[in-house]
Amino acid sequence: MTSILNADLHCHSVVSDGTLTPEEIAQRASANGVELWALTDHDEIGGQARAAAAAKACGMRYLTGVEISVTFLHQTVHIVGLGFDAENAALVAGLQQTRGGRRERALDMAKDLERVGIHGAFEGALQYASNPNLISRTHFARHLVETGVCKETSEVFRKYLTEGKPGYVEHRWATLKDAVTWITGAGGMAIVAHPARYKFTANEEFALFTEFKGHGGQGVEVVTGSHTAAEYVSYAAVAQDYGLAASRGSDFHSPLESHTELGTLPYLSGTLTPVWELLAARIQ
Ligand code: AMP
Ligand code: MN
Ligand code: MN
Ligand code: MN
């Protein structure tokens, strides 16, 4: 398969913090011309069977997917896994462990928001979380918009819920080694998600990619919804420098909130090795 493929290998459904069901995303992706799709909910693979069936019904090829939350050098890094066996016991247990602290963290976030006069945020956020185990900052953001505290979710993340702002609670997610090992141990490929979004120094970013490769990671997102055109170029160079395959995915969450629509990003450059070339045997 060439790099000229409408692959969308990063998006979220109601199983984590998206607003559409796996079936609705499949239809929307297919209508936008997506040929190869993966649903990558945060720390949860409960939507995979539905997504694979919906992809088939829409005539799209499918790769199993997940986006695992990792703590690396005091920052949250996201590792996308593609093409794994969704029934692998170590992966299933690892994801369950990763989800474990979300409720307590959310209670602490709500407590911190009380400090600035925002009451009842836990109960409010919970109403948006179809999967309460996956209660996330996105659900708090939707609640704060709905109750008029902010105009849009991006404003919430500027004023609240991020480091130094009310409602931010530091959290320890999985280790980089564990996340990569769970994915590769289940026969999949580990991919560094939206690398331009992290606030690492050059040395720290070198450590991230070096350790990631050392643990068996093989890919990096180059063309993704949260990268600028300049970042497509700089992370294409990173892919080549580190010998990583390149991925493409919108990170779509919601028709109202997401600035990047499913299947509408530029193609990967032909000079890169697309992740789907290495995952050919895992495509359903
Ligand atoms: P959590 O896993 O609870 O820390 O929530 C992380 C999620 O919040 C991400 O997956 C995004 O969906 C959302 N998010 C984080 N930062 C922003 C931002 N600046 N603007 C909009 N959404 C964001
Ligand atoms: Mn999200
Ligand atoms: Mn992410
Ligand atoms: Mn994502």
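The values are calculated or read from the model by the stated rules, or taken from the named source; none is laboratory data. Here the structure is a predicted model, which means the values were calculated and not measured. Quick reminder, even Gly has a Cβ in these numbers, built from the backbone with ideal geometry, and neighbours come from all protein chains shown. Ligands, DNA and RNA are stripped out before the accessible areas are found, and what is left, the full protein with its side chains, is counted by its heavy atoms. Shrake-Rupley method; radii C 1.70, N 1.55, O 1.52, S 1.80 Å.
Couple of notes before you dig in:
- Taking other residues whose beta carbon is less than 14 angstrom from the beta carbon of T98, and scoring Lys, Arg as +1 and Asp, Glu as -1, yields 0.
- Projected onto their three principal axes, the Cα atoms of the chain cover extents of 54, 44, 39 Å, largest first.
- Only the Cβ atoms of Lys and Arg (+1) and of Asp and Glu (-1) were treated as charged; on that basis the dipole of the range 209-284 about its Cα centre amounts to roughly 240 debye.
- The value obtained for the range 133-284, namely the Cα convex hull volume divided by the number of residues, is 152 Å³ per residue.
- Selected from T201, T138, T210 as most flexible by GNM, with the chain as the system and alpha-carbon contacts under 10 Å: T201
- 3J(HN,Hα) along the range 115-127, derived from phi through the Karplus expression 6.51 cos²θ - 1.76 cosθ + 1.60 where θ = phi - 60°, amounts to 3, 10, x, 9, 9, x, 5, 4, 4, x, 5, 4, 5 Hz, with x in place of Gly and Pro.
- Taking a sphere under 15 Å around the Cβ of A29 and counting the other residues whose Cβ falls inside, with K and R at +1 and D and E at -1, yields a net charge of -2.
- Solvent-free Debye scattering, log10 I(q)/I(0), computed from the Cα coordinates of the range 102-159 at q = 0.14, 0.18 Å⁻¹: -0.31, -0.52
- One Cα centroid belongs to the range 66-101, the other to the range 165-190; the line between them spans 5 Å.
- The chain, dipole about Cα centre (Lys/Arg Cβ +1, Asp/Glu Cβ -1), debye to the nearest 20: 160 debye
- On the basis of the beta-carbon distance and an R0 of 41 Å, T2 and E152 show a calculated FRET efficiency of 0.60.
- Using a probe of 1.4 Å on the protein chains alone, the accessible area found for E163 is around 140 Å².
- At most 15 other Cβ within 10 Å, DSSP loop - GluC sites (Glu not before Pro), the range 1-100: E87
- In this structure the amide hydrogen of H171, modeled in the peptide plane, comes within under 5 Å of no amide hydrogen from residues 5 or more places off or on another chain.
- Charge sum, other residues only, whose C-beta stays under 11 Å from V14's C-beta, Lys/Arg counted +1 and Asp/Glu -1: -4
- The range 159-263: relative contact order in percent, alpha carbon pairs under 8 Å with at least 6 residues between: 21 percent
- Expressed as a whole percent, the accessible surface of the chain that belongs to carbon and sulfur atoms is 51, based on a 1.4 Å probe.
- Residue-wise HN-Hα couplings along the range 257-262, as the Karplus relation 6.51 cos²θ - 1.76 cosθ + 1.60 with θ = phi - 60° gives them from phi, are 9, 7, 7, 10, 7, 3 Hz; Gly and Pro carry x.
- Note on the range 120-149 and the range 198-254: Cα centroid distance 30 Å, given to the nearest whole angstrom.
- Check: the range 102-159 dipole with +1 on Lys, Arg Cβ and -1 on Asp, Glu Cβ, in debye: 160 debye
- Relative contact order computed over the chain (Cα-Cα under 8 Å; 6+ residues apart), in percent: 23 percent
- With protein chains left intact and a 1.4 Å probe, residues in the chain average 43 Å² of accessible area per residue.
- Convex hull of the range 1-43 built on C-alpha atoms - directionally averaged projected area, nm²: 3.2 nm²
- 3J(HN,Hα) along the range 47-60: x, 5, 5, 4, 5, 5, 5, 5, 4, 4, 4, 8, x, 9 Hz, from the Karplus curve 6.51 cos²θ - 1.76 cosθ + 1.60 with θ = phi - 60°, whole Hz, x for Gly and Pro.
- Positive-end residue, the chain charge dipole about Cα centroid, Cβ charges, pick of A246, S136, T21: S136
- Highest-MSF residue in the chain out of A141, A179, A230 [GNM, Cα springs under 10 Å]: A230
- Gyration tensor over alpha-carbon atoms, the range 1-148, equivalent ellipsoid semi-axes in Å: 30, 18, 13
- Dipole orientation for the chain: of the candidates M189, T153, T228, T153 has the Cα lying most toward the positive pole (charges on Cβ; Lys, Arg +1; Asp, Glu -1).
- Most fluctuating residue given options L262, L36, L161, as computed from a GNM of the chain linking Cα atoms under 10 Å: L161
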